[in-house]
Structure formats: C-alpha cells, structure tokens
Amino acid sequence: MTSVLELGCGNSRLSEGLYNDGITAITCIDLSAVAVEKMQERLLLKGYKEVKVLEADMLDLPFSNDCFDVVIEKATMEVLFVNSGDPWNPQPETVTKVMAMLEGVHRVLKPDGLFISVSFGQPHFRRPFFNAPQFTWSVEWITFGDGFHYFFYILRKGKRSSADEELSQSHDKPLVPTISMFHEELEGEDYIFRTNIDEMD
Ligand SMILES: C[S@@+](CC[C@H](N)C(=O)[O-])C[C@H]1O[C@@H](n2cnc3c(N)ncnc32)[C@H](O)[C@@H]1O
C-alpha cells in the first residue's frame, strides 16, 4: 500500500483527492493546531477515517527513516521564503530552514520514494536546494499555467542522474546551496539560444 505524507496540509483537499484515487495510507501534518483540528473534523465528517492529521513541524519531522513512499507539499515550502530577502542570495536563516525541511523529507522517504513539490518557486531558485550534494534524488519538473506559471517538481530518491551530479559538483561549497551558477546561466543568455521560436505563438 502506498504511504503518503502531506506537509503543511492547511485546509487543502489534496488528501481527499488522493483518497478518492485509492490511496488511503495518508498522513497530513501542519504546524497550526487550528488547521489540524479543522482538517480532522472535516475528514471525519466526510468518512475519510484512515487519514491521519497531526500537529507537527516539517523542519523536524517526527517519523522514522525510510517510512513513506511519497512526500508531497503544495505551496508549503513557499512559507520558508517569506522574508528571505534577495531571491538570488537568500538569508542564511532561509537556507538553513529549507535545508532542514529537505533533509527531513529525504530521510523519511523510502530508498526509492518520491518527493513531489507543487510550487510557484521557479526552477532557478529551487534547483540549488534540490540539487544539494547530500541528496540522492533526481530532479525534474513540469511547468503549468498560462502567463503566471507554477511548477510540479518530481524528485526520485536514489535516482540522481549525472546531470544532477554535475550541477551539485559545480557548487562552491558542498553543503550550502548557491544560486550564483544559475544566475550566471541566465546572464550568459544561453537560455535564449535554447528557445525554440517555432513553439511561440
Ligand atoms: C500556504 S499554506 C498551504 C496549505 C496547503 N498545502 C494548500 O495547498 O492549501 C501553508 C501551510 O503550511 C503550514 N506550515 C507553515 N510552516 C510549517 C511547518 N514548519 N511545518 C508544518 N506546516 C507548516 C501553515 O500552517 C499552512 O497551513
């Protein structure tokens, strides 16, 4: 049975959607006691009895290693970037919190588990974190939206590719992600030459 952990569930209906798709081993966490209480009430009322909702901090996950098939978050990682300062060079506290979250997610995922992150954070700001060298996952994403984009990141533990490895090794310092190479990548304008004009209307 696929086990799923949802981070920062708030009032989201994501767990109901998963349940209706046949995934019943769901654990939702949120830092807010009020959100947890409301979510528990709603799920019980609708008969989703197996779904667990717990008050917990995603920066300090109270679960053992290698226990979930999937960890998912939707717009929760975003809260860590509030007051992060320059997005190209986030405050050290932001970096520490994001890395604590990701290290926890990586730890609780089973060896071939998936981390799914649904976010407005653009790849050039997320990749330095996702590609940090301590992680064994591969990093892919799908872009949605028209004009205002959001991203569906899929990170597969144990499936790190040589491209992910290269990105990680080109960082200056091994444990702290740096965005500068992605900044250089944009300034270098190579991305313009990779643009396929035929795909534009
Ligand atoms: C922007 S809301 C997103 C809620 C939900 N995922 C959705 O898509 O509607 C962020 C949620 O993350 C929760 N949150 C913030 N910091 C958290 C933390 N450290 N651990 C767990 N949940 C947290 C907040 O209480 C809030 O419910």
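The values are calculated or read from the model by the stated rules, or taken from the named source; none is laboratory data. All values derive from a computational prediction rather than experimental measurement. Note that we place each Cβ from the backbone using ideal geometry, even for glycine, and neighbour counts take in every protein chain shown.
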*From the set of residues in the stretch 96-135 that are of a type in the set (D, E, K, R) and under 27 Å from Phe148 (Cα atoms), which is surrounded by the fewest Cβ atoms within 10 Å (Cβ to Cβ)?*
Lys97
_Please verify whether Asp60 is at pLDDT 95 or above, more than 10 Å from the ligand (Cβ to nearest atom), outside any strand (DSSP E or B) and among the acidic types (Asp, Glu), treating the condition exactly as stated._
no
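Out of curiosity, is Glu73 closer than 25 Å to Phe152 by Cβ and within 11 Å of the ligand (Cβ to nearest atom)? Steps first, answer last, please.
Working: closer than 25 Å to Phe152 by Cβ: yes; within 11 Å of the ligand (Cβ to nearest atom): yes.
Answer is yes for this residue.
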*asked:* Can you tell me which residue is surrounded by the fewest Cβ atoms within 10 Å (Cβ to Cβ) among those in the stretch 11-49 that are among the charged types (D, E, K, R) and more than 17 Å from Val71 (Cα to Cα)?
replied: Lys49
*Tell me which residues, restricted to the stretch 94-146, are in contact (Cβ under 8 Å) with a residue 40 or more places away in the chain, more than 13 Å from the chain's Cα centre (by Cα), over 25 Å from Ile26 (Cα atoms) and not in a helix (DSSP H, G or I).*
Ala132, Pro133, Gln134
_Yes or no: the stretch 79-88 includes at least one residue that is touching a residue at least 40 places away in the same chain (Cβ under 8 Å), within 15 Å of the ligand (Cβ to nearest atom) and either crowded, with 19+ Cβ neighbours inside 10 Å or of a type in the set (A, V, I, L, M) (or both)._
yes
